[in-house]
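The block underneath contains the structure these notes are about, expressed in structure tokens.
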2 protein chains.
Amino acid sequence: MEANSWLWRCPRCGGPLDIVIDGLRLTLSERRGLWRFASAIPAKPLVSLGEGSTPLVEAKFLGDNVYLKLEYLNPTGSFKDRGSAVAVSKALEFGVKAVVEDSSGNTGISISAYASAAGIRARIYVPKDAPEGKKSLIRALGADLVETPTRADAYRMAVESVGENEVYIGHLWNPWFLQGTKTLAYELLDQMGHAPDAVIVPVASGTLLLGLYIGFGELLSMGLIKRIPKLFAVQAQGYARLYEELHGTYRAEPTKIADALRVSDPPRLSQMVNAVKSSNGDAIVVTDDEIVRAWRQALKGGFIIEPSSATVISAFWKLIDNKQISKDDEVVLILTGSGLKYIDIIGKYIVENIPR
Amino acid sequence: MEANSWLWRCPRCGGPLDIVIDGLRLTLSERRGLWRFASAIPAKPLVSLGEGSTPLVEAKFLGDNVYLKLEYLNPTGSFKDRGSAVAVSKALEFGVKAVVEDSSGNTGISISAYASAAGIRARIYVPKDAPEGKKSLIRALGADLVETPTRADAYRMAVESVGENEVYIGHLWNPWFLQGTKTLAYELLDQMGHAPDAVIVPVASGTLLLGLYIGFGELLSMGLIKRIPKLFAVQAQGYARLYEELHGTYRAEPTKIADALRVSDPPRLSQMVNAVKSSNGDAIVVTDDEIVRAWRQALKGGFIIEPSSATVISAFWKLIDNKQISKDDEVVLILTGSGLKYIDIIGKYIVENIPR
């Protein structure tokens, strides 16, 4: 393989690509983490920073049979590390010298860390209004950071910039990235011994939702689970394309607080619709007020998550209220990103509202 | 047990207390994390946030046979969660309604999270010049935060404030805390299959150094390892009491960057001296310049740690240079705290020095 044979979208239709594994069989390895499922991952384990094997803990403050999957305890503080570990490993297999990404947050940080650990360059295109701390961290992780006027410019400029022995690794499109996030389904089965009834995930570009759908689908095809759990996809106000596909127009101010969910036009939207529908799940929109309330509860429970992750708690409350989830259901909420990246805003959103 | 039988120091001599377990035997449980070693922990597992089972990864950028133990991926971003899980569980056993702690950083955050998860109050005394973000996080985690003029006032006021059904859980003194940190020794044996030749740890009040010494000592007494690894204790300039006990006066400006290592008068100092000496280890002081250099390397390797944790990398380089560690030795460096709490200063210390 070589870098110029790398495809990031279909050369005919321009749509996203998928990976289908013939003759899939699962043999658990003794390794900790994501590569415990190496037999089901179509990439060599060439780079690892300790991703995967995150804790699954009971959430008694939410009810019985409710579990939190602490994906924010991955190496760079988000579930994206599963995707980066596989996608960057694959880039190494292709002999790539530099990966190019557009992101203003968790994925930029994650790809930068894995590229650096793999000994290749990363070039990250970031809108100039992204938080200074995240920009500094991306550069400290050894990446070349290019600031752009807008988020849309970041995408365009990233794609146009790709040179010799470089590839566009963009996570909204990258099929290998989903081969990493799918391991979350495998890990839930490994930790629980069975599949839960429902999984609630935050959704922006769908890398986690689709990873779970692929993973549970593969487990079903191997006869290791009986059905795919209901997948509930949670979106933030103003970025509710998936919800709108299912339920019609939703008008609201764009979210101010769930910055990790700001994706306007996810290229895998039709796949996301299919994942939700065919698992008998749903899409839910939560407001900033609801997010702040849920964030406060999570922090009070000892779970230091980012606001975008707290959306799943708001959604859980709604799904219980409208009886889409029953109190007997076994439910897993995926807590996707670390609140330690946000301690500068905790004062504003949480502490001012705590009675002294 | 009841709260008023809780002792935080010896009622006769005023010195710290230790816990000795009669007839210790280890049976590994199926649980993930710290409570996998519950048979060796003299406390009921009453509260957990997913602590322990942190990744152990190769550090190829430092050499062969060098491993990094990613303790910063614990639930609140530091190894302190091991101590908090056990100490707060024990407080629950005693029927305590509130725990009182003095800390300006990682321990305050950790104790707050575990108390909140356990459904009891935490009151944390914090010097008023502590970082705003950390103070906000402590309060968001549900603790009562009391600001004090100085660090010494925080300790004094915490101890004096203890009321009915409350206990002083101060980690510099608490013997149960060490029963939590000792599990790191057990976990290293579990992950590696044997004890390493040497372990390098940052040291302030010695909770990690002493935990390792207790843990490896217990494993030795059970015949599960052949010798205690050499324990190398790393201190920051200006807070080098352990180093001074072994090597004489060390004069320097107090560290500006290794804030987690600022403990002037550790109550367990003589135990720390013994742990280093009897394991054939040593104490090392590193300067702020050395810390920044090591921090940059760690970040470039993809490891998002705090400056106080980077000290172990500086120390590793020194120990190789002066031949206290050979290139054939199997060495574990403990990375204790998360750099995500420090992204606001990465720009100043790291990025300004990166050529653009």
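The values are calculated or read from the model by the stated rules, or taken from the named source; none is laboratory data. Being a predicted model, the structure only gives us computed values, none of them experimental. All Cβ positions, glycine included, derive from the backbone under ideal geometry; neighbour counts span all protein chains shown.
Would you be able to tell me the number of residues in region B:61-93 that are among the aromatic types (Phe, Trp, Tyr) and touching a Ser or Thr at 6+ places or on another chain (Cβ under 7 Å)?
Applying the first criterion (among the aromatic types (Phe, Trp, Tyr)) to region B:61-93 yields B:61, B:67, B:72, B:79.
Add one more test, that the residue is touching a Ser or Thr at 6+ places or on another chain (Cβ under 7 Å), and what stays is B:72, B:79.
Looking only at that region, the number is 2.
Rundown of residues vs (1) of a type outside the set (S, T, N, Q); (2) surrounded by fewer than 24 Cβ atoms within 10 Å (Cβ to Cβ), yes/no style:
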| position | (1), (2) |
| --- | --- |
| B:Val86 | yes, no |
| B:Ala98 | yes, yes |
| B:Thr107 | no, no |
| B:Tyr114 | yes, no |
| B:Glu147 | yes, yes |
| B:Ile169 | yes, no |
| B:Asn174 | no, no |
| B:Gly180 | yes, no |
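Could you list all residues from region A:165-175 that are within 24 Å of the chain's Cα centre (by Cα) and not in a strand (DSSP E or B)?
Of everything in region A:165-175, those that are within 24 Å of the chain's Cα centre (by Cα) and not in a strand (DSSP E or B) turn out to be A:Ile169, A:Gly170, A:His171, A:Leu172, A:Trp173, A:Asn174, A:Pro175.
Going by what's in this entry, would B:Ile325 be described as more than 9 Å from chain A (Cβ to nearest Cβ), outside any helix (DSSP H, G or I) and under 26 Å from the mean Cα position of the chain (by Cα)?
Details: more than 9 Å from chain A (Cβ to nearest Cβ): yes; outside any helix (DSSP H, G or I): yes; under 26 Å from the mean Cα position of the chain (by Cα): yes.
Judged against the criteria, B:Ile325 is a match.
Considering only residues that are of a type in the set (D, E, K, R) and over 10 Å from A:Ala143 (Cβ atoms), look in region A:84-119 and name the one that is nearest to the chain's Cα centre (by Cα).
Step one: list which residues in region A:84-119 are of a type in the set (D, E, K, R), which gives A:90, A:93, A:97, A:101-102.
Now restrict to residues that are over 10 Å from A:Ala143 (Cβ atoms): A:90, A:93, A:97, A:102.
On the way: A:Lys90: 18, A:Glu93: 23, A:Lys97: 25, A:Asp102: 15 Å.
Selected residue: A:Asp102.
Can you give me the number of residues within region B:299-328 that are farther than 17 Å from A:Gly77 by Cβ and in contact with a helix residue (DSSP H, G or I) (Cβ under 9 Å, 6 or more places away or on another chain)? I'd like the intermediate steps shown before the answer.
So in region B:299-328, the residues farther than 17 Å from A:Gly77 by Cβ come out as B:300, B:307-308, B:310-328.
Checking the rest, the ones that are also in contact with a helix residue (DSSP H, G or I) (Cβ under 9 Å, 6 or more places away or on another chain) come to B:300, B:307-308, B:310-318, B:324-327.
Going through region B:299-328 one residue at a time, the tally reaches 16.
Across region B:78-106, what is the number of residues that are hydroxyl-bearing (Ser, Thr, Tyr), farther than 11 Å from B:Ala122 by Cβ and at pLDDT 95 or above?
2
Looking only at region A:106-140, count every residue that is in contact with a Leu (Cβ under 9 Å, 6 or more places away or on another chain), among the hydrophobic types (A, V, I, L, M, F, W, C) and farther than 24 Å from B:Phe61 by Cα and tell me the total.
Of the residues in that region, 1 qualify.
Mind telling me which of the residues B:Tyr243, B:Tyr250, B:Tyr213 ends up being surrounded by fewer than 16 Cβ atoms within 10 Å (Cβ to Cβ) and aromatic (Phe, Trp, Tyr)? Don't jump to the end; show me each part of the working.
On the way: B:Tyr243 fails: surrounded by fewer than 16 Cβ atoms within 10 Å (Cβ to Cβ); B:Tyr213 fails: surrounded by fewer than 16 Cβ atoms within 10 Å (Cβ to Cβ).
Going through B:Tyr243, B:Tyr250, B:Tyr213 in turn, just one is surrounded by fewer than 16 Cβ atoms within 10 Å (Cβ to Cβ) and aromatic (Phe, Trp, Tyr): B:Tyr250.
Considering only region A:133-190, state which residues are more than 30 Å from A:Leu28 (Cβ to Cβ) and among the charged types (D, E, K, R).
A:Lys134, A:Lys135, A:Arg139, A:Asp144, A:Glu147, A:Arg151, A:Asp153, A:Arg156, A:Glu160, A:Glu164, A:Glu166
Could you grab me the full set of residues in region B:127-164 that are away from every other protein chain (no Cβ under 12 Å) and either assigned to a strand (DSSP E or B) or polar (S, T, N, Q) (or both)?
Once the filter is applied, which keeps residues that are away from every other protein chain (no Cβ under 12 Å) and either assigned to a strand (DSSP E or B) or polar (S, T, N, Q) (or both), region B:127-164 yields B:Pro127, B:Thr148, B:Thr150, B:Ser161.
Going through region A:233-264 one residue at a time, which ones are outside any loop (DSSP other than H, G, I, E, B) and closer than 27 Å to A:Asp344 by Cβ?
So in region A:233-264, the residues outside any loop (DSSP other than H, G, I, E, B) come out as A:233-236, A:241-247, A:259-261.
Within region A:233-264, A:Val234, A:Gln235, A:Ala236, A:Asp259, A:Ala260, A:Leu261 meet the criteria.
Out of the residues in region A:149-158 meeting the condition of being in contact (Cβ under 8 Å) with a residue 40 or more places away in the chain and within 22 Å of the chain's Cα centre (by Cα), tell me which one is surrounded by the most Cβ atoms within 10 Å (Cβ to Cβ). Can you show your working first?
Applying the first criterion (in contact (Cβ under 8 Å) with a residue 40 or more places away in the chain) to region A:149-158 yields A:151, A:154-155, A:157-158.
Filter again for within 22 Å of the chain's Cα centre (by Cα), leaving A:151, A:154-155, A:158.
Working: A:Arg151: 19, A:Ala154: 25, A:Tyr155: 21, A:Ala158: 22.
That would be A:Ala154.
Considering only residues that are more than 9 Å from chain A (Cβ to nearest Cβ) and within 14 Å of B:Ala310 (Cβ to Cβ), look in region B:331-341 and name the one that is surrounded by the fewest Cβ atoms within 10 Å (Cβ to Cβ). Give the derivation first.
To start, the set of residues in region B:331-341 that are more than 9 Å from chain A (Cβ to nearest Cβ) comprises B:331-337.
Those left that are additionally within 14 Å of B:Ala310 (Cβ to Cβ): B:333-337.
Values: B:Leu333: 27, B:Ile334: 24, B:Leu335: 29, B:Thr336: 29, B:Gly337: 26.
It comes out as B:Ile334.
Test A:Leu56 against the criterion of being under 27 Å from B:Asp344 (Cβ atoms) and of a type outside the set (Ser, Thr, Tyr), and give yes or no.
When the stated conditions are applied, A:Leu56 does not pass them.
Looking at (1) buried (at least 20 other Cβ atoms within 10 Å of the Cβ); (2) under 25 Å from B:Lys323 (Cα atoms); (3) away from every other protein chain (no Cβ under 14 Å), can you tell me which one B:Trp295 breaks?
(3)
Which ones in region A:108-126 are of a type in the set (Ser, Thr, Tyr) and either more than 14 Å from chain B (Cβ to nearest Cβ) or in a loop (DSSP other than H, G, I, E, B) (or both)?
A:Tyr125
At least 2 residues that are within 11 Å of another protein chain (Cβ to nearest Cβ) in each: list the strands (runs of 3 or more DSSP E) lying fully within region A:1-104 that qualify.
Values: elements: A:56-58, A:66-70, A:98-102.
Of the strands (runs of 3 or more DSSP E) lying wholly inside region A:1-104, those with at least 2 residues that are within 11 Å of another protein chain (Cβ to nearest Cβ) span A:56-58, A:66-70.
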